[in-house]
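Engineer: One structure is given below, represented as structure tokens, and several questions about it will come after.
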Amino acid sequence: MASKQIAKDLNGNNTEVVIQTFADRILVLVTQLGKVGNLIQASLPATTPLLPVPAPDPENPNALLLPPPPPAIQLVPLLGNAPSEHIQTLHNLFVSQIATLVWESESESMMQPARRSVVVGIALRKQNSSGIGGLDDSERATFSAVMGMVEELLKQ
């Protein structure tokens, strides 16, 4: 199957997302550096249900509504590693959410009888983040924008 690709400027960083489907897996590349980066595989047993998208927040009606990643998701690092624990957590967050979006899209299309693993390559520019207390505003903005890009590609 042909790959899908999108590129946008996120906070001054050219950000590309590519989705390539294979018979047994789906590859998603997210890069601001022009390379594959850290490869992580996400898998989820076919018997594990996907959780519904939460209701809109009346205090933030324009917020991107994303299905929550299932607790049973399994992340396996394949190649590369993050330079810090904070970045590794950030990568895991990206991979879990991207995989959940892919699985949600596949379940809606009913094209695949079995849930395929999702391999995500992630190479993002280092943010000027303290890395303390969770995500900062620029990391949140990048996360939301990348998830919007992934959703846009999945709807094509």
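Engineer: Would you list which lysines come within 20 Å of K4, measuring only between C-alpha atoms, while excluding same-chain residues fewer than 8 positions from it?
Structural biologist: K35, K155
Engineer: From largest to smallest, what semi-axes in whole angstrom does the chain give when each is the square root of 5 times an eigenvalue of its alpha carbon gyration tensor?
Structural biologist: Values for the chain, descending: 23, 19, 16 Å.
Engineer: Right, next: Please give the peptides 26-39, 46-59, 136-149, 87-100 ranked by average Cβ packing (other Cβ atoms within 10 Å per residue), highest first, as a rough proxy for protection. Mind showing how you got there, number by number?
Structural biologist: Details: 26-39: 18.9, 46-59: 10.0, 136-149: 16.4, 87-100: 21.2.
Final packing ranking: 87-100, 26-39, 136-149, 46-59.
Engineer: In nm, to one decimal, how far is the modelled label at E16 from the one at E108, with both set 7 Å along Cα→Cβ?
Structural biologist: 2.6
Engineer: Taking the Cα centre of the chain as origin, sum charge times position over the Cβ atoms of Lys and Arg (+1) and Asp and Glu (-1), and report the length of that vector in debye to the nearest 20. Display every interim value, and only then the final one.
Structural biologist: On the way: 10 positive and 14 negative charges, 101 e Å.
Dipole size: approximately 480 debye.
Engineer: For the chain, what is the calculated [θ] at 222 nm in deg cm²/dmol (nearest 500), taking -39500 (n - 2.57) for each run of four or more DSSP H residues and dividing by its residue count?
Structural biologist: Details: 2 runs with 43 residues, N = 156.
-9500 deg cm²/dmol, from helical runs alone.
Engineer: Could you sort R125, R115 by accessible area so the largest value comes first, with the probe set to 1.4 Å?
Structural biologist: R125, R115
Engineer: Further question: So between S144 and A55, what do we pick up on full extension, going 0.36 nm a residue minus the alpha carbon distance?
Structural biologist: Gain in length upon complete extension: 30.3 nm.
Engineer: Over the chain, with every protein chain in place, what whole percent of the accessible area is carbon and sulfur at 1.4 Å, could you tell me? Don't skip to the answer; put the middle values down first.
Structural biologist: On the way: 4830 of 8770 Å².
The value for the chain is 55 percent carbon and sulfur by accessible area.
Engineer: Next question. Measure off 7 Å from each Cα along the Cα-to-Cβ vector at A7 and K126, then give the distance between these two points in nanometres to one decimal.
Structural biologist: Going from the A7 label point to the K126 one covers 2.5 nm.
Engineer: Between L93 and A23, what length comes free when the chain is fully extended (0.36 nm per residue of separation minus the Cα-Cα distance, one decimal in nm)? Mind dumping the intermediate values first?
Structural biologist: Values: separation 70, 0.36 × 70 = 25.20 nm, distance 2.51 nm.
Value of the extension gain: 22.7 nm.
Engineer: Output wanted: per-residue J couplings in Hz (rounded whole) for the stretch 49-56, from phi through Karplus 6.51 cos²θ - 1.76 cosθ + 1.60, θ = phi - 60°, x for Gly and Pro.
Structural biologist: x, 7, 7, x, 5, x, 5, x
The values are calculated or read from the model by the stated rules, or taken from the named source; none is laboratory data. What you are looking at is a predicted structure, and each value in this text was computed from that prediction instead of being measured. Every residue, glycine as well, gets a Cβ built from its backbone with ideal geometry; the counts of neighbours run over all protein chains shown. We work out accessible area using only protein heavy atoms, side chains counted, and drop any ligands, DNA or RNA first. Shrake-Rupley method; radii C 1.70, N 1.55, O 1.52, S 1.80 Å.
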